[in-house]
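What follows is a single structure, written as structure tokens, with notes after it.
The values are calculated or read from the model by the stated rules, or taken from the named source; none is laboratory data. These numbers come from a predicted model, not from an experiment. Note that each Cβ is placed from the backbone with ideal geometry, even for glycine, and that neighbours are counted across all protein chains shown.
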Amino acid sequence: MFADVHDYPHFEVGTIMGMPLARSLQKLTDVLVKSSKLKPGRHSDGGGLYLNVSDTGSKSWLFMWTKEGRRREMGLGPYPDVSLAKARAKATGCRELVAEGKDPIVERDRESAPTFGEEADTLIEAIKSEFRNPKHVAQWKMTLTVYAKALRPKAVDEIGTDDVLRILKPIWVTKPETASRVRGRIERVLDASKAKGHRSGENPARWRGHLDALLPKRKKLTRGHHAAMGYDGMPGFISELRESDAMSARALEFLILTASRSGEVLQAKWSEFDMTSRVWTVPADRMKAGREHRIPLTESAFRLIQRLHNYRINDYVFAGQKKDRPLSGLAMTMLMRRMKLGVYTVHGFRSAFRDWAGDRTSFPREIAEAALAHTIGDETERAYRRGDALAKRRRLMDAWEKFLGSTLASNVVKFQKV
């Protein structure tokens, strides 16, 4: 119901409510708005602004207009929180938007869009169950906090291609892997924002058909394999490594003996070891392929674990300096640097093992790949091969241990500090 209110001599020409006629404005007064005598219904102030009085006497402001023949309305806030003067100012802004062909509701929602930082944190919380390892959550948080720092205070609907390029260009060539991850994570945050209605249009972080025309293609970037020590240098290196009493040296020795990844070794817990069968079982949530992996322990690996067990201080086999925490993720890398071998990576020792198995042994390829926990064969082949060839892999790892303990000149001559 629309109440009749006396007009006041203020006019404008508009199309509010679909009527392109001179409309009187400012029909209401502060005294009238405050009055308790106003009947329930909508009382016009002109120009699409209405004071809505409910049956209980509460009051609020509405702005009404037509779009494509349909009546639209938007709340402007309750009275007296929003005074008559403030309501008129808001209505003026709405009329300007309508005159420009814009929808006041859409523009209001756009103004209240969350920041990139808020959306990034919300997304990480929503998808963290996808990650098998807590460090992946930490990596997402780091890249979207450190590298995308400039985006965090910006509303998600204000972020454009130039904003994304300012983040990526400084690291696109120098840190290609990191830059690629940052781009992909920014893209996902903005996609999530669009799905929630906070953005519209194309994603400015999209690669195909967008950023690929503005940044060097991946194939032009420097991207090498993990630098690996040649396997002929491994016996000499192991010999020197065993002279160190550092926990990082024991972790690195165990990593080489088992051909494992650094994360699998550093997060290893005593509960994962069967000392009777001499098998270390890495749970699926710590494996890259997401499948449980059994690793046969050679004599040297078993003795190493036994010695550490006698001096255990927490649940982790390779305990760190902090209470109830494992060795730092950089511990083995820093050890390599102290040994003047920083040119090589810890992950590269897996490559050395694989090259040795292929060049110097007659073990089948699938056994060597299984020792590295690599997925081999198609889905059908894997379905028929349900075993993990533990006995055969034990013989391979025993041969690797024997090679590492060799003191033949031909084995140690190529080990040198770089």
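What the table below lists for this structure:
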read-out	value
The stretch 259-275, residues that are farther than 25 Å from MET334 by Cα and assigned to a strand (DSSP E or B)	PHE273, ASP274
Boolean, ALA227 is within 32 Å of the chain's Cα centre (by Cα), within 20 Å of ALA370 (Cα to Cα) and outside any helix (DSSP H, G or I)	no
Which listed residue is loosely packed, with under 14 Cβ neighbours inside 10 Å, at pLDDT below 95, under 39 Å from the mean Cα position of the chain (by Cα) and not in a loop (DSSP other than H, G, I, E, B), from ARG382, ARG386, ARG354	ARG382
Selected residue [at pLDDT 90 or above and within 17 Å of GLY117 (Cβ to Cβ)] from ASP212, ASP191	ASP191
Selection count where residues are in a helix (DSSP H, G or I) and either closer than 14 Å to SER248 by Cα or of a type outside the set (Asp, Glu) (or both), scope the stretch 276-332	15
ASP103 acidic (Asp, Glu) and touching a strand residue (DSSP E or B) at 6+ places or on another chain (Cβ under 8 Å)	yes
Residue that is nearest to GLU202 (Cα to Cα), among those in the stretch 111-166 that are surrounded by fewer than 16 Cβ atoms within 10 Å (Cβ to Cβ) and among the small types (Gly, Ala, Ser)	GLY160
The stretch 242-258, residues that are more than 22 Å from LEU396 (Cα to Cα) and assigned to a helix (DSSP H, G or I)	MET247, SER248, ALA249
Test set (1) aliphatic (A, V, I, L, M); (2) assigned by TED's automatic domain parsing to the domain that holds ALA213; (3) in contact with a Pro (Cβ under 8 Å, 6 or more places away or on another chain); (4) within 21 Å of ARG199 (Cα to Cα) - ALA120 fails condition number	(3)
All positions within the stretch 160-195 that are basic (Lys, Arg) and touching a residue at least 12 places away in the same chain (Cβ under 8 Å)	ARG166, LYS169, ARG181, ARG183, ARG185, ARG188
Some residue of the stretch 157-166 being farther than 20 Å from LEU215 by Cβ and assigned to a helix (DSSP H, G or I)	yes
Sole exception among (1) modelled with pLDDT under 90; (2) among the hydroxyl-bearing types (Ser, Thr, Tyr); (3) more than 21 Å from ASP121 (Cβ to Cβ) for THR178, by number	(3)
Spans of strands (runs of 3 or more DSSP E) in the stretch 39-84 with at least 1 residues assigned by TED's automatic domain parsing to the domain that holds LYS102 and among the basic types (Lys, Arg)	41-46, 59-67, 70-79
Number of the exception - VAL346 against (1) in a helix (DSSP H, G or I); (2) in contact with a helix residue (DSSP H, G or I) (Cβ under 7 Å, 6 or more places away or on another chain)	(1)
Failed condition for ALA399, given (1) under 27 Å from ARG242 (Cα atoms); (2) surrounded by 11 or more Cβ atoms within 10 Å (Cβ to Cβ); (3) at pLDDT below 65; (4) not β-branched (Val, Ile, Thr)	(3)
Matching residues, the stretch 277-293, being at pLDDT 95 or above and either surrounded by fewer than 19 Cβ atoms within 10 Å (Cβ to Cβ) or not assigned by TED's automatic domain parsing to the domain that holds HIS374 (or both)	SER277, ARG278, VAL279, THR281
